[in-house]
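Heads up, the thing below is written out as structure tokens.
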Amino acid sequence: MDRCVQAGMNGYVSKPFQPNELIVALGAVISGCLAFERAACTKTAVEAIDDIDWNVIENFRADSGEEMLNILLDTYIADTTEKLNRFCAIVADTSRRDEAMRLAHSLKSAGAMSGAKALSTYAARLEKLLHDGEAQPTADDTGELQRSFGAYRSAIAKRGLLTAA
């Protein structure tokens with residue numbers, strides 16, 4: 001990565017890369033934000049990505065039916081609420097970095113499977129940040145996770161896809 005920065009590149013994704021890492025890197029470049037400047041890019045890159053991947057939701061509905069979609073979404077909402085609360089409570093505690101990294105990974109994976117694209121992408125960024133140990137996630141980071149989740153929940157509720165309160 002250092003050689004890429006020195007060569008003047010605008011971003012870096014190592015191989016083998018995960019699709020979400022490529023999305024974050026592309027979002028950073030498209031938004032005019034250098035991927036190497038984390039503090040300046042945190043919100044801008046994520047805001048360039050839509051909150052929800054409706055294709056994921058509609059494909060799941062087509063494959064599994066309405067009842068299974070409702071179960072998926074209700075379970076995802078309940079599980080993510082609990083995981084976000086835990087993540088926010090421990091993320092500043094450097095002695096719990098591994099637990100925070102596992103929670104970020106889980107939020108990333110479950111979000112991708114449920115169509116919560118912005119949350120998944122942001123959680124992937126925080127997972128990498130925690131893994132690399134370059135910096136500690138901030139209150140702005142946890143706020144962005146919560147904002148992304150709130151936007152997701154509101155959007156699926158507006159479409160009548162939430163059966164649980």
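The values are calculated or read from the model by the stated rules, or taken from the named source; none is laboratory data. Since we're looking at a predicted model, the values are computed, not measured. Cβ: placed from backbone, ideal geometry, glycine included. Neighbour counts: every protein chain shown. Calculation scope for accessible area: heavy atoms of the full protein, side chains included, ligands and nucleic acids excluded. Shrake-Rupley method; radii C 1.70, N 1.55, O 1.52, S 1.80 Å.
Just a few scattered comments:
- Odd one out for Asp51, checked against (1) open to solvent by less than 50 Å² (accessible area, probe 1.4 Å); (2) of a type in the set (D, E, K, R); (3) modelled with pLDDT of 90 or more: (3)
- Close contacts from the range 44-59, counting a first residue that is over 20 Å from Leu72 (Cβ atoms) and assigned to a loop (DSSP other than H, G, I, E, B) and a second that is at pLDDT 50 or above and among the small types (Gly, Ala, Ser), with Cβ to Cβ under 9 Å and a gap of 6+ residues or different chains, come to Ala48/Gly27; Ala48/Ala28; Ala48/Ser31; Ile49/Gly27; Ile49/Ala118.
- Flag for Leu107 being in contact with an Asp or Glu (Cβ under 9 Å, 6 or more places away or on another chain) and modelled with pLDDT under 90: no
- Every residue from the range 81-139 that is surrounded by fewer than 19 Cβ atoms within 10 Å (Cβ to Cβ), closer than 20 Å to Asp51 by Cα and in contact with a Lys or Arg (Cβ under 7 Å, 6 or more places away or on another chain): Ser106
- Considering the conditions (1) at pLDDT below 90; (2) under 18 Å from the mean Cα position of the chain (by Cα); (3) under 21 Å from Ala104 (Cβ atoms), Ser14 is excluded by exactly one of them, (2).
- Residue ID - surrounded by the fewest Cβ atoms within 10 Å (Cβ to Cβ), chosen from residues in the range 140-165 that are without any contact (Cβ under 8 Å) to a residue 12 or more places away in the chain and small (Gly, Ala, Ser): Ala165
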